[in-house]
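Reading through the structure tokens given below for one structure.
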Amino acid sequence: MSSTTLGASSAHRTQPPLLVAGPLAWMRANLFNSWLSTAVTLALIYILARAGIGFVDWAFINAVWSVPISAQGVIDPTDCRNIKGVGACWAVIGDKWRFILFGRYPFDEQWRAGVCIALFIALFVVSAMRRFWRKELALIWIGTLFVIGVLMWGGVLGMNFVPHDTWGGLPMTLILATFGLALAFPLAVFVALGRRATTLPAVRYLCIVYIELVRGVPLISVLFMASVMFPLFMPVGLNPDKLLRAQLGIILFGAAYLAEVIRGGLQALPKGQYEAADALGLTYWQKMRLIILPQALRMVIPPMVNNFIGSFKDTSLVLIIGIFDLLTAAKVALAEPAWQGYSTEVYLVLAVIYFIFCYSMSRYSRGLEAEFGRSVRR
Amino acid sequence: MSQAVATDRPPAISLDKVNKWFGALHVLRDVTLNVAHGERVVVCGPSGSGKSTLIRCINRLESHQEGRIVVDGTELTDDLRALDTIRREVGMVFQSFNLFPHLTILENCSLAPIWVRKMPKDEAEALAMEFLTRVKIPEQAKKYPGQLSGGQQQRVAIARALCMRPKIMLFDEPTSALDPEMIKEVLDVMIELANSGMTMVCVTHEMGFARQVADRVVFMDRGEIVESGTPHEMFETPQTDRLKLFLSQILRGH
């Protein structure tokens, strides 16, 4: 009996008083610990509240959600004109969302592009789950990308053929980003290994030249080279398509940066890991695949995801060579006379779409780090 | 102490006038050393004397520039196939354990048999458990290296090397990174291994271990072999001043 009483009382005593731990104590320590900090806190609360209320007013309370459309399909944006600057005109999204999402893809066939977006997202989700990390995943990727290709192009199974210069919008962004990352990653691994191959000087210098050359120029000029200069050097008739050239440019550009990140991981690994693998008689590729890369890549997850996020957003630069990605589609949508001047609304929606993808990557990488950290560290 | 050492066969390891430089630094000078099958050799010497470099040359973690090294009948050259053959037959234990932190203890041990010896997975795991039992830590098989103490990690490293069923074992200061209370558990495993007839080359400062199991002690200083002989000869009647000085320093420390 006495022991239970003791246990209860000590359990009671381990609970700190309200003002030592917990949210109240945190606020006192961080927000109101002096007159100055209290004043700053209150001022910031005021500014944030004003901005928040202003935004809610603009985005929701004063917003126009739809505008009348005449029987001939002519839009009457008078309501939006009347509240310009006071409220958001979400009618532009309501009218243009399909164009922004799918670009010039034939209107009646846009369900196909929509299915492709869903397939891409499903592919990302499946790849993110560790229990699917086996050899079959490569087949799933090839299969899914094949189905996406069939859906986008069509021409079979009773679907009309849609040439890829009419593709656009989100599927285009996802295609550029997915192929860009999926092919840049293995290339980057080989380039990083090649750059450290001291016994193969030719390979080593080739990798160094490639990395330094690509890093020395902006992506915009790589894309310009791919779209304008490259065809000049090619013999007539052998001229790969513009989309393919841009895609190659994105892959080569992304891989150079990624390779340097991966090299960092390779260098950070203790020399003893290489020596232990050598001493056991593993071949070079076994050593890399089983011992070195699993550890080196785990170490560089944060900078690698940083790169992935950057590359994802960089795909929007294809705007300048006239490829119809999400950003291009949005810009073209805004060019319509009725909707000129409502770019804030459209760009806000674009920002949300980009944010969803980038923030998911960032959250996922944090989860991955934590998971790996648990199994390796003491 | 000294068990039957096969002298009729060609030596397990033969170094003939081996020279090595790190840049301008001459780290091995005309090192000649033969190790017979079943022989246990302890290499000692002050730090920087080239003893670690010497045994790292035996499985070519370092390459030598002059002289010949023949291991189990195969000469060490730039030929990669010869190198693969030798590394398969020569196990190595490092000062800093060098376990693979992303793999479990069992995976650490079964990895090389599976990939290098092409052994089926279950067979390799049974083999790994057998050697983990021999180093007295089968119960840790599912853990990761980071969860083990230094002594336990070093015993796993020994088991990992033994899983390749090597003919020769190299030890590069296996107890130097350990806390004093863990040295014995590692030395016990090494003594047991020595008693089983394994050909061993150990770089170590553990003179008690040398006395107990070594057939021969080799003393190195400044890249050359200064003196060698049985532990008794070396410790009781050292011939050179350098060895006398070294022994006095070592013994003062103990």
In this structure, is B:Ala141 more than 14 Å from every other protein chain (Cβ to nearest Cβ) and over 21 Å from the mean Cα position of the chain (by Cα)? yes
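Condition check ((1) facing chain B (nearest Cβ under 10 Å); (2) at pLDDT 90 or above) across all residues:
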position: A:Gly265; (1), (2): no, yes
position: A:Ala268; (1), (2): no, yes
position: A:Lys271; (1), (2): yes, yes
position: A:Leu319; (1), (2): no, no
position: A:Phe324; (1), (2): no, no
Does A:Ala226 qualify as being open to solvent by less than 30 Å² (accessible area, probe 1.4 Å) and more than 14 Å from chain B (Cβ to nearest Cβ)? yes
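I want to confirm something. Restricting to the stretch B:40-80 and keeping residues that are of a type in the set (D, E, K, R) and buried (at least 23 other Cβ atoms within 10 Å of the Cβ), which single residue is nearest to A:Asp278 (Cα to Cα)?
B:Lys51
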Looking at A:Trp167, A:Trp90, can you tell me which residue is open to solvent by less than 50 Å² (accessible area, probe 1.4 Å), over 30 Å from A:Asp241 (Cα atoms) and at pLDDT 80 or above? A:Trp90
Return the residues of the stretch A:254-281 that are open to solvent by less than 20 Å² (accessible area, probe 1.4 Å) and over 30 Å from B:Thr85 (Cβ atoms); say none if nothing qualifies. A:Gly254, A:Ala255, A:Ala256, A:Leu258, A:Ala259, A:Ile262, A:Gly265
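Yes/no per residue for (1) more than 14 Å from chain A (Cβ to nearest Cβ); (2) farther than 17 Å from B:Asn19 by Cα; (3) assigned to a loop (DSSP other than H, G, I, E, B):
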{"residue": "B:Asp30", "(1), (2), (3)": "yes, no, no"}
{"residue": "B:Asn34", "(1), (2), (3)": "yes, no, no"}
{"residue": "B:Val41", "(1), (2), (3)": "yes, yes, no"}
{"residue": "B:Pro46", "(1), (2), (3)": "yes, yes, yes"}
{"residue": "B:Ser49", "(1), (2), (3)": "yes, no, yes"}
{"residue": "B:Arg56", "(1), (2), (3)": "no, no, no"}
{"residue": "B:Arg60", "(1), (2), (3)": "no, no, yes"}
{"residue": "B:Ser63", "(1), (2), (3)": "no, no, yes"}
{"residue": "B:Arg68", "(1), (2), (3)": "yes, no, no"}
Tell me whether the stretch B:175-186 contains one or more residues that are open to solvent by less than 20 Å² (accessible area, probe 1.4 Å) and either assigned to a helix (DSSP H, G or I) or of a type in the set (D, E, K, R) (or both). yes
Assuming A:Gly249 fulfils every condition listed in (1) open to solvent by 30 Å² or more (accessible area, probe 1.4 Å); (2) in contact with a Leu (Cβ under 9 Å, 6 or more places away or on another chain) apart from one, which condition is it? (1)
Hey, could you check the stretch B:81-124 for residues that are surrounded by fewer than 16 Cβ atoms within 10 Å (Cβ to Cβ), out of contact with any helix residue (DSSP H, G or I) (no Cβ under 9 Å at 6 or more places or on another chain) and of a type outside the set (Lys, Arg) and say which is nearest to the other protein chains (Cβ to nearest Cβ)? B:Asp84
Which listed residue, of B:Gly208, B:Gly197, is of a type in the set (Gly, Ala, Ser) and at positive phi: B:Gly197
Need the failing condition index for B:Val135 against (1) more than 11 Å from every other protein chain (Cβ to nearest Cβ); (2) under 20 Å from the mean Cα position of the chain (by Cα); (3) under 26 Å from A:Arg298 (Cα atoms), just the number. (3)
Take the stretch A:139-158 and flag every residue that is closer than 22 Å to A:Leu244 by Cα, small (Gly, Ala, Ser) and loosely packed, with under 15 Cβ neighbours inside 10 Å. A:Gly143, A:Gly149, A:Gly155
Have a look at B:Glu185, B:Glu173, B:Glu192, B:Glu130 and point out the one that is in contact with a Gly (Cβ under 8 Å, 6 or more places away or on another chain) and more than 16 Å from A:Gln273 (Cβ to Cβ). B:Glu185
Take the residues in the stretch B:144-159 that are open to solvent by less than 10 Å² (accessible area, probe 1.4 Å) and under 15 Å from the mean Cα position of the chain (by Cα), then tell me which one is nearest to the other protein chains (Cβ to nearest Cβ). B:Ala157
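Go through A:Arg204, A:Arg196, A:Arg215 for me and flag whichever is of a type in the set (Lys, Arg), modelled with pLDDT of 90 or more and open to solvent by 70 Å² or more (accessible area, probe 1.4 Å).
A:Arg204
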In this structure, does A:Leu280 turn out to be aliphatic (A, V, I, L, M), at the interface with chain B (Cβ under 7 Å from one of its Cβ atoms), over 31 Å from the mean Cα position of the chain (by Cα) and on the phi < 0 side of the Ramachandran plot? yes
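Among the listed residues A:Arg131, A:Arg81, which satisfies the condition of being open to solvent by 80 Å² or more (accessible area, probe 1.4 Å) and more than 30 Å from A:Phe308 (Cβ to Cβ)?
A:Arg81
The values are calculated or read from the model by the stated rules, or taken from the named source; none is laboratory data. Since we're looking at a predicted model, the values are computed, not measured. Quick reminder, even Gly has a Cβ in these numbers, built from the backbone with ideal geometry, and neighbours come from all protein chains shown. All accessible areas refer to the heavy atoms of the entire protein, side chains included, with ligands and DNA or RNA removed. Shrake-Rupley method; radii C 1.70, N 1.55, O 1.52, S 1.80 Å.
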